[in-house]
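Enquirer: Quick one: structure below, then a few questions.
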Amino acid sequence: MEITKIWNSIRAQFNKLANYFWTMDPIAQMQLEYDRSVAQLKEGREGLEQYRGLVERVTRQVKSIEKREQMLVVKIKTYLQMGDRKMAGQLAIQLEETKRDLEENKEQLTMHEQAYENNLEKIKYASKNLGKIREKIKKYESELKMSQAEAEIARLSQSFNFNITTDFGEIEQVIQEKIDSNRGKTRVAVDLSEEGLSTIRSEKALEETVAEDLLLRFESEMGLGQKKIEEPSLLTEKTTL
């Protein structure tokens with residue numbers, strides 16, 4: 001009783017392990033089963049070839065016995081025509097035994113032929129089904145890869161919505177914050193660069209005014225301003241002469 005429980009427990013663990021491998025890579029498991037079936041089919045075909053050899057051997061025996069039967073019939077007729085009934089009788093006994101052998105071999109041949117045809121049909125059917133299974137494996141493998149790709153695309157599409165709760169959304173928020181920070185620094189730098197600009201402009205205007213006043217004073221002291229006024233009259237006089 002205890003041994004049975006232990007065995008059932010072990011078998012259950014093996015079943016769990018098998019189910020784990022089945023779910024991990026079902027295509028590989030299908031391929032493994034396919035390869036096993038192909039190997040078994042190959043063995044069956046080899047066995048069928050050997051069995052066909054037996055059928056051919058029995059067929060050859062039947063033909064040989066038929067020839068012996070025909071020869072015995074001819075010999076019996078010949079000895080009867082010769083009047084040698086004793087020899088004809090001995091040959092008749094051999095003929096009877098030959099007929100029994102022929103009947104037995106024909107029965108065996110019929111049985112072997114039928115068995116061969118049945119197994120041949122089974123192997124042909126198995127080969128056809130294996131071909132279909134091979135195509136199914138290719139189809140399922142393609143569909144499985146496609147479905148995995150579609151699932152991944154769907155997952156990425158959801159992430160590309162940039163929802164704040166997703167990793168992409170969090171990354172985008174960080175980037176936007178950095179952009180805002182950089183723009184803020186740039187604006188501050190621009191605003192700071194404009195500080196004192198009006199003072200500089202005022203000072204520059206003041207300098208220009210002072211310079212103009214000094215220049216006028218210099219011209220006055222040097223009499224350059226008067227010269228500028230008189231020069232046009234001199235030019236007029238020269239033009240009149």
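Enquirer: Please verify whether the stretch 63-84 includes one or more residues that are within 25 Å of residue 119 (Cβ to Cβ) and either free of Cβ contacts under 8 Å to residues at least 60 places away in the same chain or surrounded by 15 or more Cβ atoms within 10 Å (Cβ to Cβ) (or both).
Expert: The first filter runs over the stretch 63-84 and keeps only residues within 25 Å of residue 119 (Cβ to Cβ), leaving 63.
Filter again for either free of Cβ contacts under 8 Å to residues at least 60 places away in the same chain or surrounded by 15 or more Cβ atoms within 10 Å (Cβ to Cβ) (or both), leaving 63.
Yes, the stretch 63-84 contains at least one residue that is within 25 Å of residue 119 (Cβ to Cβ) and either free of Cβ contacts under 8 Å to residues at least 60 places away in the same chain or surrounded by 15 or more Cβ atoms within 10 Å (Cβ to Cβ) (or both).
Enquirer: Something else about it: So for the stretch 86-98 (the condition being touching an Asp or Glu at 6+ places or on another chain (Cβ under 8 Å) and among the aliphatic types (A, V, I, L, M)), does at least one residue qualify? Step through it out loud before you land on a result.
Expert: Going residue by residue through the stretch 86-98, those that are touching an Asp or Glu at 6+ places or on another chain (Cβ under 8 Å) are 95, 98.
Within this subset, residues satisfying the condition of being among the aliphatic types (A, V, I, L, M) are 95.
Yes, there is a match, as at least one residue in the stretch 86-98 is touching an Asp or Glu at 6+ places or on another chain (Cβ under 8 Å) and among the aliphatic types (A, V, I, L, M).
Enquirer: Right, another one. Taking the stretch 38-59 on its own, how many of its residues are surrounded by 15 or more Cβ atoms within 10 Å (Cβ to Cβ) and either among the small types (Gly, Ala, Ser) or in contact with an Asp or Glu (Cβ under 7 Å, 6 or more places away or on another chain) (or both)?
Expert: 2
Enquirer: Related question: If you take the residues of the stretch 200-241 that are at pLDDT below 75 and small (Gly, Ala, Ser), which of them is surrounded by the most Cβ atoms within 10 Å (Cβ to Cβ)?
Expert: Filtering first and then ranking leaves 225.
Enquirer: Scan the stretch 160-173 and tell me whether some residue there is farther than 30 Å from residue 39 by Cα, modelled with pLDDT of 75 or more and surrounded by 10 or more Cβ atoms within 10 Å (Cβ to Cβ).
Expert: To start, the set of residues in the stretch 160-173 that are farther than 30 Å from residue 39 by Cα comprises 160-173.
Those left that are additionally modelled with pLDDT of 75 or more: 173.
Retained after the next criterion (residues that are surrounded by 10 or more Cβ atoms within 10 Å (Cβ to Cβ)): 173.
Scanning the stretch 160-173 turns up at least one residue that is farther than 30 Å from residue 39 by Cα, modelled with pLDDT of 75 or more and surrounded by 10 or more Cβ atoms within 10 Å (Cβ to Cβ).
The values are calculated or read from the model by the stated rules, or taken from the named source; none is laboratory data. Please read these numbers as outputs of a predicted model, since none were measured by experiment. For neighbour counting, all protein chains shown are included, and Cβ atoms are generated from backbone atoms with ideal geometry for every residue, glycine included.
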